[in-house]
Amino acid sequence: MSKSRTGTIRSVAALVAFTVGMAACGSDDDADTASDATDPGSSVVVTEEPAGEPAEEPAVTETIKIGAIHPLTGPLALDGVQMDNAAKLAVERINAAGGIESLGGAQLELMSGDSEGAPDVGQAEAQRLIEDGAVALIGTFQSAVAINIANLAERSEIPFVIDVGVDDDLIKEDSRFAFRIGPNASAFGRISAQYLQVMADSAGVPVKRVAYMHEQTAFGAGVYAGFAAEAENLGMTIVEEISYDAFGSTSLTTELARVDASDADVLATTGYYPDGVLIARDAAVVAPDVSVFYGVSHGAYAQSSFATDAGDGAELAFATDHYWDTNNPRVTEIRDAFAEAYGDEMRSSAVLAYQTIEVIADALERAGSSERRALRDALSETSLSDILLAFEGPIQFDETGENTNATPAVLQVQGGAAVVVYPEQFATAKPVIPGVGWDPG
Amino acid sequence: MRWATAAIALGVVLLVNRNQLAALTVGDQRPVLVQAFVTGVIIGGVYSLVSIGLTLIFGVLHVINFAHGAFMTLGMYASFVLVEHGGLDPYATLPIVMAVLFVLGLGVERGLLRRISNQPIEANLVLTLGLAILIENALRLAFSSTPRSVEVPYASGSLELGAFEVQLPFRIFGAVTTLTQALAFAGAGVLTGLLYLLLHRTRTGTAIRSVAENPTGATLVGIDVGRISMLTFGLGTACAGAAAVLVLPFVSLEPSTGVSFGITAFVVVVLGGLGSVTGAMIGGLLVGLSQELGAAVFPDQSKLLPVLVMFVLVLLLRPQGLLGKPIE
């Protein structure tokens, strides 16, 4: 028994050595490939077949690993799992279409890591994925997790492409390996203020006085700062800034009474889902005398369950958010494929994750190499125009790694469903302004 | 000395915000204060109900129940399932959810806590904390993290009460409150009253109070301390269940929704005096009021700041809590 077992192990080991040699010869240049091939997760399958058999196979194609870190368990698992699935779907579809052509049809492989929503866990997972041979990382849905991984990526010299994560500080002046597809917090705030001004002007509605309610962490404060600075430039006045705890509040009627008393034209908000619902519900009760209800970088108002959960207060609520390009048939096809594969409606965060994989695949194609530094250089020269998102231009990164053309879209709840109303090239309906879901006054 | 420190602290807080305060007492800003007061009393009523369950359990079993908030979440999901799949009115689920949580409480006391009753206090801390994590994650597994909510169809428009027709939402001196919040407050008031009667007017209530007062003495006069402990734990979790049903119509439900109520309940219980039911009632209202009045005066601060300032001040003046007994 033990003797035959030793024999088997020996022959497997020989086979591994042989195939590793094959892989190293078969691929073009770099050292990463050889280390990939020895990894149990790589494309080289070791079987107990007689020696000589592998020689008949065609040259082994390379497998390029991408690490994805999202909250797959915990309170944010809903988005995290969607994003991970979207990245998997992107990898499958790229592989099915022939992989990375410049690398001889190299196949992509997604390695998933679970951040559990915690920065330290996310960082440990990123470390694991780097050690397992990832050539790039994507993630993370949360800024607090992304900031740790951004630092790690910089030290480890591995490209880190942020799908969702808005905190300005994720990308610093001297960042070389971090890239961000979507707008950052201050861009969200700034552009949202501009869009508000344009929509209000074309409707002839004065928006001079803004009352702003934002959740109290870096996300709410960062977006607010961007909005406030631009609003002042545009001649608006912030008459009230109210911060609140997004997850511990059971009533925001007192805060909304302040908004009502502030004589504001606009109630602007930044927050998460439960508090978004709470504000809309309580606003319908307190009925502050405003003519626009404007969510800035607000994922909640675009969610299909929002109108049902929030009732009357949801109607005519605006939300600026990163959103997919509703007019692009490729997006419709991908969202249908996602719904079929995972039985769930694909959210905008998942579309961003899908887009991120496409950006990396495009860079690999141009780099003609899966070496991390070569990939970084290719990423920095990205100019991708066939994109899934409602951005005002192609995806291009500035010298720090921010996408210079990342813009939010404006959605509005009309008749119980969120529709894109601005910018015009993406709009499927016209903005209704002035108007709120309650009877102001 | 303590009083002087407290007075100085309060003075500093008020001085820092004197402009805000001055603005709030004049003209069109006054509704903000009225609104804060109304909301504070209503939320405070709900806090009282949650906290009474917690303080009762501590008073009798000397167990610090970290799973209280999780029991509340469990009650919310029970109510949610009955409404969504059983077609019941959200308020009709109140007796069912209370009964379910009562039985669950009996089971937890008999099956888990009793086994470690002679262990040091850390044992029950860890046990109830573990239970809280277990419940939260089991709910996540069963219902995912998708936020849920129940609808009360008659909560808007107008309400016919016999000959009267009441316009909703209610308007009170320029402040507004929804039917669901008013019902939560009324429900909390009625249940608190019933619990008070149970504790002070029935033999079982007398037994519960005697066990809390002196377990050895209670045993000597023939009270079954084990049975009373079990009953008390059941009553405590049933209170969490009642609070769950009453707040569900105005919160979005996630597996961690009860956690913040649980934390607030600890503040309330310590504030009112550990083990004191009346203390928990007063403490709940105080926390609700300071949270909302704080939000009216300090819009750029967390609502918890005024609560914790008040908490520190009260503990500075009365370390045993408002109605707690000093340790001799």
Query - Degrees between helix A:218-233 axis and first principal axis of chain A (Cα, 0 to 90, nearest 10) - result: 50 degrees
Requested in this report: State to the nearest 20 debye the size of the charge dipole of the range A:264-334 about its Cα centre, where the only charges are +1 on K and R beta carbons and -1 on D and E beta carbons.
Outcome: 140 debye
Report summary line: The residues B:F261, B:F58, sorted from fewest to most surrounding Cβ atoms within 10 Å, come out as B:F58, B:F261
Query raised in the report: Order of B:H200, A:H298 from fewest to most other C-beta atoms within 10 Å?
Result: B:H200, A:H298
Report summary line: Over all Cα pairs of chain B, the Kirkwood radius sets Rh, and Rg/Rh then becomes 0.99
Query raised in the report: Kirkwood hydrodynamic radius for the range A:149-215: how many Å is it when counted over pairs of different Cα atoms?
Result: 14.3 Å
Query - Number of partner chain Cβ atoms within 10 Å, mean per residue of A:94-105 - result: 0
Report task. Please determine, in degrees from 0 to 90 and to the nearest 10, the orientation of helix A:329-342 with respect to the longest principal axis defined by the Cα atoms of chain A, where the helix direction is its Cα long axis. Result -> 70 degrees
Query raised in the report: How long are the three semi-axes of the equivalent ellipsoid for the range B:184-304, computed from the Cα gyration tensor as the root of 5 times each eigenvalue, in whole Å, largest first?
Result: 32, 16, 13
Report task. Take the range A:366-441, compute every pairwise Cα distance, and split them into 5 Å bins from 0; I just need the percent in each bin. Result -> 3, 14, 16, 15, 12, 10, 8, 8, 6, 4, 2, 1, 0
Requested in this report: Return the ratio Rg/(2.2 N^0.38 Å) for the range B:99-144, where Rg is computed over Cα atoms only.
Outcome: 1.30
**Report entry** Span-rule helices in chain B, defined as complete DSSP H runs reaching 27 Å or more along the axis (Cα) with Kyte mean at least 0.5
**Finding:** B:30-61, B:121-143, B:179-201, B:225-247, B:277-297
Requested in this report: Starting from the alpha-carbon convex hull of the range A:55-193, give the projected area averaged over all orientations, in nm².
Outcome: 10.2 nm²
Report task. Express in % the proportion of alpha carbon pairs of the range B:70-135 at distances exceeding 21 Å. Result -> 35 percent
Report summary line: Excluding residues fewer than 8 positions from A:K172 in its own chain, the lysines with Cα under 30 Å of it are A:K65, A:K88
Query raised in the report: How are the Cα pair distances of chain A distributed, in percent, across 20 Å bins from 0?
Result: 25, 50, 19, 6, 0
Report summary line: The answer for A:T320, listing residues at least 5 apart or on another chain whose modeled amide H is closer than 5 Å to its amide H, is A:G295, A:V296, A:S297, A:H298, A:L411
Report summary line: In Å³ per residue, the alpha-carbon convex hull of the range A:167-256 encloses 123 Å³
Report task. Give the distance, in whole Å, between the Cα centre of the range A:271-322 and the Cα centre of the range A:408-438. Result -> 13 Å
Report task. Provide A:S186, A:S305, A:S202, A:S115 in ascending order of the number of other Cβ atoms located within 10 Å of each residue's Cβ, fewest first. Result -> A:S202, A:S305, A:S186, A:S115
Query raised in the report: Per residue, what volume in Å³ does the Cα convex hull of the range B:261-328 take up?
Result: 73 Å³
Query raised in the report: How big is the equivalent ellipsoid of the range A:121-274 along its three axes, where each semi-axis is √(5λ) from the Cα gyration tensor, reported in whole Å from largest to smallest?
Result: 36, 18, 10
Query raised in the report: Which of the aspartates and glutamates could a cross-linker span from A:K430 if the Cα-Cα distance has to be under 19 Å and same-chain partners fewer than 8 positions apart are dropped?
Result: A:D201, A:E315, A:D321, A:D325, A:E392
Query - the protein assembly as shown: translational diffusion in µm²/s, Stokes-Einstein, Kirkwood Rh over Cα pairs, 37 °C, 0.692 mPa s - result: 114 µm²/s
Query raised in the report: What angle do you read, to the nearest 10 degrees and between 0 and 90, between the alpha-carbon axis of helix A:273-286 and the longest principal axis of chain A?
Result: 10 degrees
Report task. Take the alpha-carbon positions of the range A:284-434, form their convex hull, and give its projected area averaged over all directions (one quarter of the hull surface) in nm². Result -> 10.8 nm²
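A short reminder: the numbers here are calculations on the coordinates, not readings from a lab. Keep in mind that what you see is a predicted model, and the values were worked out from it rather than measured. FYI the Cβ positions are ideal-geometry reconstructions off the backbone, even for glycines, and counts take in every protein chain you see.
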